[in-house]
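Contents: one structure, followed by commentary.
The values are calculated or read from the model by the stated rules, or taken from the named source; none is laboratory data. Computed from a predicted model, the values in this text were never measured in an experiment. Cβ placement follows ideal geometry from the backbone for every residue including glycine, while neighbour counts extend to all protein chains displayed.
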Amino acid sequence: MLSPSEMEQKPQTDCTCAILTPVRHALIILLLSGCAALQPKPPAHYDALISQQDREISALLQRQALLKQHLERCDDPTQSPPDIFHELKQVLGPMGIDITREGRRVTVHMPNSLLFNRGLKPKIRRDAAMLLDLLSTALNLHPEHSLRFEAHSDNQRTGSSTYPTNWELGAVRAAAVARTLVDDYRVEPGRITVSSRADMDPIGENSTTEGRAANRRVLLHIETKE
């Protein structure tokens, strides 16, 4: 049983706790607020950096998928490439023409600078005669192979009403190469398909002169038979 003096002191203790409890809460809130204020703030360009990294990761994933597709199309390394691959490498390689293959497909990479005069007119250069002569000789030795001429361009506007976009300009250039091989070098026209990819598949930076020159090209895809 509490003594009278103890009974008088108990309400004072309860009152003191009642006063100190909200004070402690306030102090805790202030301390937490101070800790939060001390946390480093992200830089202003933080969101832009994340967005850039996301784009780079997406580009790498796309490139990985393309490389996987190329790998799946490649021949068994124990098998020999088609005969025309070796023939074209031998006659066109010294001229600086790249010859590649993916599976049974052989591709001849011809820069526009070796095929056309400067400007928009799709006129074959006179000094392209040797290139086309050697190319047609190899093609005529293998009449069973189908041929697809595929034109590529840079991303510059044509500024021409005749060729409103690079689609039209590319198609005319690809057709000019094919037509010359048919008319002057007796390549069978029934084997030929012509297409244009415009500036959809750049291999160089369109922001530089060298990159734009690399992008202007005609590819000849040779679908070889087994």
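What the table below lists for this structure:
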quantity: Number of positions in region 132-171 that are without any contact (Cβ under 8 Å) to a residue 60 or more places away in the chain, within 29 Å of the chain's Cα centre (by Cα) and not in a loop (DSSP other than H, G, I, E, B); calculated: 6
quantity: Selection count where residues are modelled with pLDDT of 60 or more and assigned to a loop (DSSP other than H, G, I, E, B), scope region 43-76; calculated: 3
quantity: Among (1) closer than 15 Å to Glu223 by Cα; (2) out of contact with any Lys or Arg (no Cβ under 9 Å at 6 or more places or on another chain); (3) of a type in the set (Asp, Glu) - the single one Asp98 does not satisfy; calculated: (1)
quantity: Subset of region 101-123 that is among the aliphatic types (A, V, I, L, M) and out of contact with any Lys or Arg (no Cβ under 9 Å at 6 or more places or on another chain) - its residue that is farthest from Ala174 (Cα to Cα); calculated: Val106
quantity: So Leu120, is it in contact with a strand residue (DSSP E or B) (Cβ under 9 Å, 6 or more places away or on another chain) and touching a residue at least 12 places away in the same chain (Cβ under 8 Å); calculated: no
quantity: Answer residue from region 84-119, given it is part of a strand (DSSP E or B) and of a type in the set (S, T, N, Q) and is surrounded by the fewest Cβ atoms within 10 Å (Cβ to Cβ) among those; calculated: Thr100
quantity: Considering residues of region 124-161 that are closer than 18 Å to Gly93 by Cα and hydroxyl-bearing (Ser, Thr, Tyr) only, the residue surrounded by the fewest Cβ atoms within 10 Å (Cβ to Cβ); calculated: Thr137
quantity: Looking only at region 202-226, and only at residues there that are surrounded by fewer than 18 Cβ atoms within 10 Å (Cβ to Cβ) and out of contact with any Asp or Glu (no Cβ under 9 Å at 6 or more places or on another chain), the one that is modelled with the lowest pLDDT; calculated: Glu226
quantity: Members of region 79-104 found to be among the small types (Gly, Ala, Ser) and in contact (Cβ under 8 Å) with a residue 24 or more places away in the chain, listed by number; calculated: Gly103
quantity: Residues of region 173-201 satisfying the condition of being in contact with an Asp or Glu (Cβ under 7 Å, 6 or more places away or on another chain) and more than 17 Å from Leu120 (Cα to Cα); calculated: Tyr185, Ser195
